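Data first, discussion second: the structure below is written as structure tokens.
The values are calculated or read from the model by the stated rules, or taken from the named source; none is laboratory data. None of these values were measured; they are calculated from a predicted model. Positions of Cβ are backbone-derived with ideal geometry, glycine not excepted, and every protein chain shown enters the neighbour counts.
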Amino acid sequence: MRHSMTGFASRSGENADLRWIWELRGVNGKGLDLRFRLPDWIDGLEPQARALLGKRLARGNVQVSLRVAGAADDAAPALDEAGLARVLDAMARIEAAAGRQGLALAPSSAADLVALRGVMTVGQGQRDSAALCKLLMAELDAALDDFVAMRAAEGAALGAVLGVRLAQIETLVQAATDAIETRRDEQAGRLRAALARIVDSTDSLDEARLAQELALIAVKSDVTEELDRLTAHVSAARDLLEAPAPVGRKLDFLMQEFNREANTLCSKSGSTALTRIGLDLKTVIDQMREQVQNVE
């Protein structure tokens with residue numbers, strides 16, 4: 001089953017004195033880029049979360065955030081004496097260094113100190129981080145299940161769209177094959193007229209050179225190989241869409257090959273009808289490539 005790289009999931013939980021909510025948001029990316037916004041007072045949470053997501057996801061830019069709030073009886077901020085001491089010590093050293101340089105620093109107020117990170121806490125310091133991590137990771141695992149399920153649903157929709165595009169390409173390839181027969185008659189008529197003009201305008205005709213030129217024209221206008229490769233690319237794309245492993249990168253490369261063959265078809269078309277089919281092919285391939293960019 002194909003997975004999209006777009007997804008969202010949210011899970012909340014609580015225990016006796018805390019409430020929390022996990023959020024996962026994913027968009028397309030070249031590789032797997034995990035970005036976390038987690039409370040720094042919960043020791044060891046990020047490495048566990050990173051390992052969990054790394055096992056389940058292969059590609060995408062994924063933002064993971066966790067918000068934790070205390071219950072009403074301990075939600076009021078409290079002064080962290082040790083944290084305040086560290087801040088004051090750092091400020092003293094900074095002021096001393098500035099004084100040696102002849103610089104005068106503006107005085108700091110109590111409000112400035114309270115706003116500094118680590119000075120105030122919300123009572124989390126006495127909690128058992130290991131036990132809390134276990135609860136939070138269980139909730140993250142459930143959120144990740146929802147996230148992967150949404151990416152799978154998006155991937156199924158993408159697969160259906162890509163299947164329609166591949167069918168359109170097949171139809172256009174068949175139309176190009178049919179147009180070649182019409183073009184062959186048109187080309188033959190133009191060649192006979194050109195030959196008649198050459199024969200009428202010269203007394204001697206180099207038959208070997210003429211045969212060589214005709215063969216060159218035939219080779220330059222032959223698009224059989226391009227149409228065969230387009231058919232092969234359709235088959236390869238369908239196989240990739242059925243593969244169990246992430247194939248977004250391979251599909252993206254295959255889109256380049258599709259486009260290359262369509263460009264060559266247009267340059268060698270030699271007829272308005274075949275050129276129109278080539279342009280339609282390029283349009284469908286471009287639409288398909290936009291969708292492929294979001295396949296994991």
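Please tell me if GLY44 is surrounded by fewer than 16 Cβ atoms within 10 Å (Cβ to Cβ) and under 23 Å from ALA131 (Cβ atoms). Considered against the rule, which asks whether it is surrounded by fewer than 16 Cβ atoms within 10 Å (Cβ to Cβ) and under 23 Å from ALA131 (Cβ atoms), GLY44 comes out as yes.
The number of residues in the range 262-296 that are among the acidic types (Asp, Glu) and modelled with pLDDT under 95 comes to 2. Do we find that VAL247 is at pLDDT below 95, β-branched (Val, Ile, Thr), surrounded by 14 or more Cβ atoms within 10 Å (Cβ to Cβ) and under 16 Å from ASP280 (Cβ atoms) in this structure? It is false that VAL247 is at pLDDT below 95, β-branched (Val, Ile, Thr), surrounded by 14 or more Cβ atoms within 10 Å (Cβ to Cβ) and under 16 Å from ASP280 (Cβ atoms). Of ALA153, ALA176, ALA130, ALA160, which residue is within 30 Å of LEU66 (Cβ to Cβ), under 38 Å from the mean Cα position of the chain (by Cα), aliphatic (A, V, I, L, M) and modelled with pLDDT of 90 or more? After applying the criteria, what remains is ALA153. When the range 133-147 is filtered for residues that are within 16 Å of ARG50 (Cβ to Cβ) and either crowded, with 20+ Cβ neighbours inside 10 Å or within 26 Å of the chain's Cα centre (by Cα) (or both), the ones remaining, listed by number, are LEU136, LEU140, ASP141, ALA143, LEU144, PHE147. In this structure, is LEU45 within 18 Å of LEU136 (Cα to Cα), touching a Leu at 6+ places or on another chain (Cβ under 8 Å) and of a type outside the set (Ser, Thr, Tyr)? Considered against the rule, which asks whether it is within 18 Å of LEU136 (Cα to Cα), touching a Leu at 6+ places or on another chain (Cβ under 8 Å) and of a type outside the set (Ser, Thr, Tyr), LEU45 comes out as yes.
Of the set (1) modelled with pLDDT under 95; (2) hydrophobic (A, V, I, L, M, F, W, C); (3) under 30 Å from ASN28 (Cα atoms), all apply to ALA142 but (1).
When residues in the range 258-288 are screened for being among the acidic types (Asp, Glu) and farther than 21 Å from ARG2 by Cα, 2 of them pass. Within the range 1-38, the set of residues being closer than 17 Å to VAL247 by Cα, surrounded by 14 or more Cβ atoms within 10 Å (Cβ to Cβ) and in contact with a helix residue (DSSP H, G or I) (Cβ under 8 Å, 6 or more places away or on another chain) comprises ARG2, HIS3, SER4, MET5, THR6, LEU32. When you check LEU230 against the structure, is it touching a strand residue (DSSP E or B) at 6+ places or on another chain (Cβ under 9 Å), outside the structural domain of VAL27 (by TED's automatic domain parsing), part of a helix (DSSP H, G or I) and under 30 Å from GLY31 (Cα atoms), yes or no? For LEU230, the condition - touching a strand residue (DSSP E or B) at 6+ places or on another chain (Cβ under 9 Å), outside the structural domain of VAL27 (by TED's automatic domain parsing), part of a helix (DSSP H, G or I) and under 30 Å from GLY31 (Cα atoms) - is not met.
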